[in-house]
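Okay, structure first, notes after.
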Amino acid sequence: MKGKRAEFLIDLEKLKKQKQKRMDENFADLYDWMFTYVQKEANLREKVRAKHLFRHKLGLKDTDELDAGLHLHFEHWLLFDYVTVVGSRLLDLFVRTKQDKMSKTMLGICGILMVMHLEPVRVNKIEENHILLSPFFKEKNSQIKAEPYLFRPDIKEGDLILARTATIGFEKRIIGPCIVIDQRFEKEAAARLEKKYKEGHEEYRRYLKEYGIDMLKYQKVR
């Protein structure tokens, strides 16, 4: 009986790994598809409007060029958080126009990405493939284990960062670039976040979704 039970558990672990592999493949294809849509199909006027707003949030002039790091932040904010003049996000528009071509798995992942937002977390430990994070306003022993997807953040243990995380299959992923708060501005940034946190979960989550990108003004310069 013990042998059969062990065999059953091994089979479950094998199935879990196979499912995770399929999820990762679907996510990789979807990620590429989403950003191709943003680059080639998204409304040009919306992208110009979004870039103007993005610069305004960071106190930049319209003539200021975005460096590679800021452009990466802009692209992810544009897809996941920016609200168009008709009140939709580009990810919502992408799903509406492409859902008939998506697999059920891709649609499920899109649903997860739609509610994703930048969230303040403390870096506890940096491992080879994963980063251990603590939510900024939750119990100290509460911890998130997440693997960066494509972009390995330039961070150290103890840093306060804002990151988008999503559970893809059985594993947590860090999606897109992180905002690393400069220690000189940490108290100011924390006070701003705490004010919204005290207004309640929904208000806090809405604030992070709409204004989390504003924390880039506190970004550490490498």
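Just so you know, all these numbers are worked out from the coordinates, no wet-lab data involved. Please read all numbers here as calculations on a predicted model, not as lab measurements. So basically every Cβ, Gly included, is an ideal-geometry build from the backbone, and we count neighbours across all protein chains shown.
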Label points 7 Å out from Cα along the Cβ direction at LYS172 and SER142: separation in nm?
1.0
R0 of 25 Å, Cβ-Cβ distance LEU150-VAL115: FRET efficiency to nearest 0.05
0.75
Would you kindly state how much longer the chain becomes between ASP182 and ASP100 on full extension, computed as 0.36 nm times their sequence separation minus their alpha carbon distance, in nm to one decimal?
25.1 nm
The chain: calculated mean residue ellipticity at 222 nm from DSSP helix runs of at least 4, using -39500 (n - 2.57):
-16000 deg cm²/dmol
Which FRET efficiency value, to the nearest 0.05, do you get for ILE126 and LYS21 by plugging their Cβ-Cβ distance into 1/(1 + (r/R0)^6) with R0 = 22 Å?
0.30
Please work out the FRET efficiency for the pair GLN39 and SER88, using the Cβ-Cβ distance as r and a Förster radius of 25 Å; give the result to the nearest 0.05.
0.85
So, relative contact order of region 12-113 in percent, Cα under 8 Å, 6 or more apart, is 31
Using DSSP to call loops (not H, G, I, E or B), can you name the trypsin sites (Lys or Arg not before Pro) in region 160-204 whose Cβ has at most 13 other Cβ atoms within 10 angstrom?
LYS198
Sites removed, the longest contiguous part of the chain containing no DSSP-loop GluC sites (Glu not before Pro) with at most 14 other Cβ within 10 Å is 66-126
For labels at LEU107 and VAL48 in the simple 7 Å Cα→Cβ model, what's the distance in nm?
3.6
